[in-house]
Amino acid sequence: MRVIQTVSEFREYRRSLGDSTLAFIPTMGALHDGHLSLISTAKTVSNIVIVSIYVNPTQFGKNEDLNRYPKPLEADLDKLSKLNVDVVFTPNNEEIYPKGLEESTQVIVPILSEKWCGFSRPQFFKGITKVVLRLFNIVQPTHAIFGEKDFQQLQIIKRMVSDLFLEITIIGSPTTREKNGLAMSSRNQYLSENEKEMASVIYRAFNDVKTNFKNGLKEIQSLTEIIRKQILKTDIEIDYLAIVDSETLEVVPQPYNGCRIVFAGTLNDTRLIDNMKL
Ligand code: AMP
């Protein structure tokens, strides 16, 4: 497995590949089984798999966890080499933003970026599209894999790619969960065992909604109340909870097969996000 740190070296490598298909997985490291499942998805579309590890400062707000975000690079590289990833791209800030973090060109996907996570974290999706477009231009993948865990992010990237005519197929990969149902996340490291158990209520409550929906409950308010009631019994503070259309992310007046429950909250300063298809 080759580790490349600079844009110029990556470009040289990319030229050597010519027209081959290339599957790309951007990450911020602190890899867990959720990230690793994206590699399995990548291997179904290409023989060449590239992973980037870069903690992108422009997507963090001033009071967020940029400085405490875990960076276990050696352990990450070990996991990736065991899965036969071809190249890991580990650039630093000077490589990605040579003119500085704030002054560099950015692309914004309007409306979609302002909802939900974008409402409570106004810089977040601007930072995501800022870095992902750069990574796409450096790596020049034919396919890129993103987790459904970050559902709004997946929709925003799909929209950016379509609006800007990028020739990249974006593939959503299912959420990997802990045994108790908690969606895996690098931020789960901030939680105690007790808190992880408490956070697993989100998944159980989603499933309760799904069962009720299948049994004929079609009233949005009653469906979301099922989740709210269970979460109110814990220390989790709800940021948002809604049932939305999968593409527009607008609240739906009536639930239908394929719409999504979306949720974000905080537990002891740790942000939890999750979603589930109805
Ligand atoms: P991150 O390192 O948090 O930026 O995530 C990198 C990629 O891994 C993103 O496409 C995430 O959606 C995806 N990802 C993170 N957690 C999970 C999970 N539990 N299951 C599936 N994909 C995930």
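The values are calculated or read from the model by the stated rules, or taken from the named source; none is laboratory data. Computed from a predicted model, the values in this text were never measured in an experiment. Virtual Cβ from ideal backbone geometry, glycine too; neighbours counted across all protein chains shown. Only protein heavy atoms, including side chains, enter the accessible area calculation; ligands, DNA and RNA are left aside. Shrake-Rupley method; radii C 1.70, N 1.55, O 1.52, S 1.80 Å.
List the trypsin sites (Lys or Arg not before Pro) within region 64-140 that DSSP assigns to loop and that have no more than 15 neighbouring Cβ atoms inside 10 Å.
Within region 64-140, the qualifying trypsin sites (Lys or Arg not before Pro) (loop, at most 15 other Cβ atoms within 10 Å) are ARG68, LYS99.
Exactly which chymotrypsin sites (Phe, Trp or Tyr not before Pro) in region 160-209 are in a DSSP loop and have at most 16 other Cβ atoms within 10 Å? Before the final figure, lay out the partial values.
Details: sites: PHE165, TYR190, TYR203, PHE206; in loops: PHE165.
Passing sites in region 160-209 are PHE165.
Normalised by the empirical 2.2 N^0.38 Å for globular proteins, what value does the Cα Rg of the chain take? Mind dumping the intermediate values first?
Values: Rg = 19.0 Å, N = 278, 2.2 N^0.38 = 18.7 Å.
Expressed relative to 2.2 N^0.38 Å, the Cα Rg reads 1.02.
Past 19 Å, Cα to Cα, is the threshold; run LYS130/LYS158; LYS99/LYS158; LYS43/LYS71; LYS79/LYS277; LYS126/LYS196 against it and keep the listed order.
LYS99/LYS158; LYS43/LYS71; LYS79/LYS277; LYS126/LYS196, as the Cα separations exceed 19 Å there.
Please give, to one decimal in nm, the separation of the simple spin-label points placed at THR142 and GLN189, each 7 Å out from Cα toward the Cβ.
Here the answer is 3.5 nm between the modelled labels.
To the nearest 20 debye, what is the magnitude of the charge dipole of the chain about its Cα centre, counting +1 on the Cβ of each Lys and Arg and -1 on the Cβ of each Asp and Glu?
Dipole of the chain, to the nearest 20 debye: 400 debye.
Take LYS43 and LEU83, extend 7 Å from each Cα along the Cα→Cβ direction, and tell me the distance between the two endpoints in nm.
A separation of 0.9 nm, rounded to one decimal place.
Looking at region 1-63, which trypsin sites (Lys or Arg not before Pro) are DSSP coil and have at most 16 other C-beta atoms within 10 Å of their C-beta?
Hits after loop and neighbour filter: LYS62.
How much length is gained if the chain between ASP33 and THR234 is pulled fully straight, taking 0.36 nm per residue apart and subtracting their Cα-Cα distance, in nm to one decimal? List each step's numbers first, then the result.
Details: separation 201, 0.36 × 201 = 72.36 nm, distance 2.63 nm.
Length difference between fully extended and current span is 69.7 nm.
Out of LEU17, LEU272, THR41, whose Cα points farthest toward the positive end of the dipole of the chain (charges: +1 Lys, Arg; -1 Asp, Glu; placed on Cβ)?
Value computed over the given set: THR41.
I need the calculated FRET efficiency for the pair GLU114 and MET1, taking r as the beta carbon distance and R₀ as 41 Å, to the nearest 0.05.
0.55
Grab the beta carbon distance between ASN67 and PHE165, set R0 = 35 Å, and tell me the FRET efficiency rounded to 0.05.
The formula returns an efficiency of 0.40 here.
Return the FRET efficiency for the residue pair ASN92, ARG15: r is the Cβ-Cβ distance, R0 is 35 Å, and the value is rounded to the nearest 0.05. Intermediate values should be presented prior to the final figure.
Details: r = 22 Å, r/R0 = 0.64.
Rounded to the nearest 0.05, the efficiency is 0.95.
Measuring from label point to label point, each 7 Å out along Cα→Cβ, what is the GLU225 to ASN207 span in nm?
2.4
Please name which of ILE157, LEU135, VAL244 has its Cα lying farthest along the dipole of the chain towards the positive end, using unit charges on Cβ (Lys, Arg +1; Asp, Glu -1) and the Cα centre as origin.
VAL244
Counting only protein heavy atoms and using a 1.4 Å probe, what share of the accessible area of region 152-278 belongs to carbon plus sulfur, as a whole percent? Working shown, then result.
Details: 2950 of 6390 Å².
Looking at region 152-278 in its full context, I get 46 percent from C and S.
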